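A quick write-up on the structure given underneath.
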Amino acid sequence: MDLSDRKVVVTGAAGFIGSHLSERLIEEGCRVTGIDSFTDYYSPARKRSHLKGIISHPRFELLEEDLNSCNLMDIMRGASCIFHLAAQAGVRKSWGADFGCYVESNIMATQRILELLKEIGGVRMVYSSSSSVYGETDKLPMGENDRLKPVSPYGVTKLSGEHLCELYRYNFGLDAVSLRYFTVYGPRQRPDMAFSRFLNAAISGRKIEIFGDGSQTRDFTYISDAVQANLLAMEYQGEQTVFNIGGGSRSSILRVLDIIREISGEELSVDFIEKAKGDVTDTWADTSRARGELGFEPSVPLEEGIMREYQWYGDYTGTELS
């Protein structure tokens, strides 16, 4: 695909997926305007480090702005696509008093962007959703037309974003595509996510806490495959509006721990604790629609992806790995 000199906007540009996507778009020749409010959900300094490879690039502009108050009209002027990744992340923190932040960041900000796109027209929105919209189900693999019944406040807000995209498409003809990510991992992964916690513990010799008994499964998706899905969605010309993005590496947490033992050569210390509210037992993406419509083909197997993240963690922490 030829993306030379195309202007695009990436919200959440300093985050895990957003920083990788911004890098890839610049590699493809785009002019990228990144927006990030650098919330303290995890270290803003860590987020800034994600952008060190592109922060001075002539085709990258970083705006430290809040999507609920910034001048979106000026930001979007001349853009052909907005990749909306900015969100308050995390299933476990979305309960209780923190829920207002999830509503503000995941629903209100999305609605504000859609209102602007309704006015200016001609801009595609690629919305980052989540497998959390499916909730607890024994119907596996999960298909885009299956019943959606999230079991966490976070999942509710991500599904609300999807519904907003659809109703603006239906009523105003807005061009929006939603991607339901299944457990994305790799270098720069958020520190609260499972692989980050496991690998950091393996390197530092600390104990690993597992929510539940470890038999739960996830469809793990390497970061470069998730980024490729975004580029394919930007160029997509078909009629579908929602796609599962899974890596085809479904595995139990116990198997992940075995892989980390093999890679690190360390005997891991593990504590099994109570299953967290909002966590589901299994995820598994039916990606036949993404493969058929987008041409999406995940290419990084789980063992290779974990090795890459392990090596990155060693570099990030300054640890010499054996």
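A few remarks follow.
- Within segment 1-26, tally of residues that are over 20 Å from S128 (Cα atoms) and either in a strand (DSSP E or B) or among the polar types (S, T, N, Q) (or both): 1
Let's see how each residue does on (1) at pLDDT 95 or above; (2) under 24 Å from K93 (Cα atoms):
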| position | (1), (2) |
| --- | --- |
| D2 | no, no |
| K7 | yes, no |
| I17 | yes, yes |
| E23 | yes, no |
| R31 | yes, no |
| D36 | yes, yes |
| H57 | yes, no |
| E65 | yes, yes |
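- Residues in segment 260-292 that are surrounded by 12 or more Cβ atoms within 10 Å (Cβ to Cβ), of a type in the set (A, V, I, L, M) and either out of contact with any helix residue (DSSP H, G or I) (no Cβ under 7 Å at 6 or more places or on another chain) or more than 17 Å from D213 (Cβ to Cβ) (or both): 5 in all.
- Tabulated pairs, segment 237-261, first free of Cβ contacts under 8 Å to residues at least 12 places away in the same chain, second surrounded by 17 or more Cβ atoms within 10 Å (Cβ to Cβ), C-beta under 6 angstrom, 6+ apart or interchain: none
- The set of residues in segment 27-65 being part of a helix (DSSP H, G or I) and surrounded by fewer than 19 Cβ atoms within 10 Å (Cβ to Cβ) consists of E27, P44, A45, R46, R48, S49.
- Within segment 45-76, being out of contact with any strand residue (DSSP E or B) (no Cβ under 7 Å at 6 or more places or on another chain) and farther than 13 Å from I113 by Cα holds for A45, R46, K47, R48, S49, H50, K52, G53, S56, H57, P58, E64.
- Subset of segment 276-322 [among the charged types (D, E, K, R) and either modelled with pLDDT of 95 or more or in contact with a Cys (Cβ under 8 Å, 6 or more places away or on another chain) (or both)]: D282, D286, R289, R291, E293, E297, E303, E304, R308, E309
The values are calculated or read from the model by the stated rules, or taken from the named source; none is laboratory data. If you're wondering where the values come from, they're calculated on a predicted model, not measured in any experiment. Quick reminder, even Gly has a Cβ in these numbers, built from the backbone with ideal geometry, and neighbours come from all protein chains shown.
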